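The values are calculated or read from the model by the stated rules, or taken from the named source; none is laboratory data. Keep in mind that this is a model prediction, so the values were computed, not measured. Glycine gets a Cβ as well: all are built from the backbone with ideal geometry, and neighbour counts include every protein chain shown.
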């Protein structure tokens, strides 16, 4: 038992590595995850719209992209991108592997995010597009102003889940070789584990990951609950009416006015 | 509402009262009084369908439908489900593209104009209201005014508020549609379409999704528009509305017009066996 505690929960080692994890580690992990998510979203939106197109020339490239980047192991994509493009990356971005890592992670998450957005947009009732078009909006304007915003709202919980997945996948960037200041949570934990021949720093890294991801899962649940209750995520709850809560008002007085004659 | 003998437009001024016959009242036909202050009058445009055909694959839904709606006239289209009445309506603003025939708006072929222009000139109200749920009532109104009609922010808001006041919902401007009753939502949808200042309005079973007690408020608003001279094509199951508000009633079945005429003729003296059978079902 002592042996177990010493291998996994050596407090001295944990407290030694923790400051590094909480500053450099979290900073770099979030930098990678946020950067990749931005890249991913920017790529995913056209991907989703292309996937919804009636035209095969638009649908096909989106399909192929999605199948490839969803079908490959993340570590393989990151390694291939980071290694194969490193000369290009060097000339474009300098020696840091971060930009290429963000692009690789971004393309992977784009494949998933594109499918999430497509499902969300598809779930918007057909009548919404018809109403927008019937008001004189072009297809593009109707999608941009009426349909896509609704579709995105419906998949916010899934998008946050996808962000959690990116946080975890960002640990794979260590394969591209990181200098001390570039290390993310996993690499810091791993380095400390190897040099001390003790797994406690990795346990600490795991706890730091949970520190990021667990609150996010609760955010997902909260948003999900509000969406299911029929309110938009950021709207005030309806004022309670006397006689109990009634979010949707019943017939109002002027609905009920008797019809006159003329 | 004046019941004109011919398809000439009725007066755009409020008409004198028409007594409702006991049989009409028994049939559920009730005259519809204005909701509040009289709104402005409209100068509607005319619509003419000429041999319109529509097929979905091999399924022929419309087999040559021709009728005309004069400026300011109200035409109600009735018929069993699957008769093609909604499809005919949707051909007018090209939510469905006709596969044959022509449709003219003020004499101009709608098939040769851009759909976006056409739809600015012809408003439509749907069974399911189709307000944008992520926008407030006022934003639902101003969105097309700003993005389609190209109005400035203040002008759009002023016109939207005026439109909302006219349907009696000025106090709901900052509500989300989900917090309104179905009847209120449909009145916002009507106001949203009207705010674009269309030449004609299409109503596709506008009250069919409403709880019974909410139907009258919407019908009353539609009758008010009719009185103010809006050109209207109304697909409806509300026979009382058709009888008291329509200038002409068209009965469709299996993709063709079976019978048309003044409401009194259609409802009290139906000629074709199919219309007789239909009325026996619904009245």
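Could you say which residue among B:201, B:252 is closer than 25 Å to residue B:63 by Cβ, in contact with a helix residue (DSSP H, G or I) (Cβ under 7 Å, 6 or more places away or on another chain) and surrounded by 24 or more Cβ atoms within 10 Å (Cβ to Cβ)? Unique residue meeting the criteria: B:252.
Restricted to region A:133-175, the set of helices (runs of 4 or more DSSP H) holding at least 1 residues that are out of contact with any strand residue (DSSP E or B) (no Cβ under 6 Å at 6 or more places or on another chain) and within 10 Å of another protein chain (Cβ to nearest Cβ) comprises A:139-142, A:148-154. The set of residues in region B:259-283 that are free of Cβ contacts under 8 Å to residues at least 60 places away in the same chain and in a strand (DSSP E or B) comprises B:259, B:261. Of the residues B:63, B:130, the single one that is within 13 Å of chain A (Cβ to nearest Cβ) and crowded, with 16+ Cβ neighbours inside 10 Å is B:130. For first residues located in region A:70-86 and outside any loop (DSSP other than H, G, I, E, B), partners that are loosely packed, with under 14 Cβ neighbours inside 10 Å and lie 6+ apart or on another chain with Cβ distances below 9 Å form the pairs A:77/A:68; A:82/A:177.
When residue B:166 is tested against (1) within 11 Å of chain A (Cβ to nearest Cβ); (2) at pLDDT below 95; (3) buried (at least 18 other Cβ atoms within 10 Å of the Cβ), just one condition goes unmet, and that condition is (1). When B:116, B:106 are screened for being closer than 30 Å to residue B:84 by Cα and free of Cβ contacts under 8 Å to residues at least 40 places away in the same chain, only B:116 passes.
Once region A:208-242 is narrowed to residues that are more than 30 Å from residue A:187 (Cβ to Cβ) and modelled with pLDDT of 85 or more, the residue that is nearest to the other protein chains (Cβ to nearest Cβ) is A:223. So, residue A:121, is that one in a helix (DSSP H, G or I) and either modelled with pLDDT of 95 or more or under 24 Å from residue B:127 (Cα atoms) (or both) or not? Considered against the rule, which asks whether it is in a helix (DSSP H, G or I) and either modelled with pLDDT of 95 or more or under 24 Å from residue B:127 (Cα atoms) (or both), residue A:121 comes out as yes. Restricted to strands (runs of 3 or more DSSP E) entirely inside region B:30-110, those with at least 3 residues that are over 25 Å from residue B:187 (Cα atoms) and either out of contact with any helix residue (DSSP H, G or I) (no Cβ under 8 Å at 6 or more places or on another chain) or modelled with pLDDT under 95 (or both) are B:47-56, B:59-69.
Look at region A:87-106 and say how many of its residues are in a helix (DSSP H, G or I), over 18 Å from the mean Cα position of the chain (by Cα) and in contact (Cβ under 8 Å) with a residue 24 or more places away in the chain. Qualifying residue count, region A:87-106: 2. Please tell me if residue B:206 is buried (at least 19 other Cβ atoms within 10 Å of the Cβ), within 10 Å of chain A (Cβ to nearest Cβ) and either within 30 Å of residue B:48 (Cα to Cα) or over 22 Å from the mean Cα position of the chain (by Cα) (or both). No; evaluated as a whole, the condition is false for this residue. Checking B:249, B:234 one by one, the residue that is over 27 Å from residue B:166 (Cα atoms) and not in a helix (DSSP H, G or I) is B:249 and no other.
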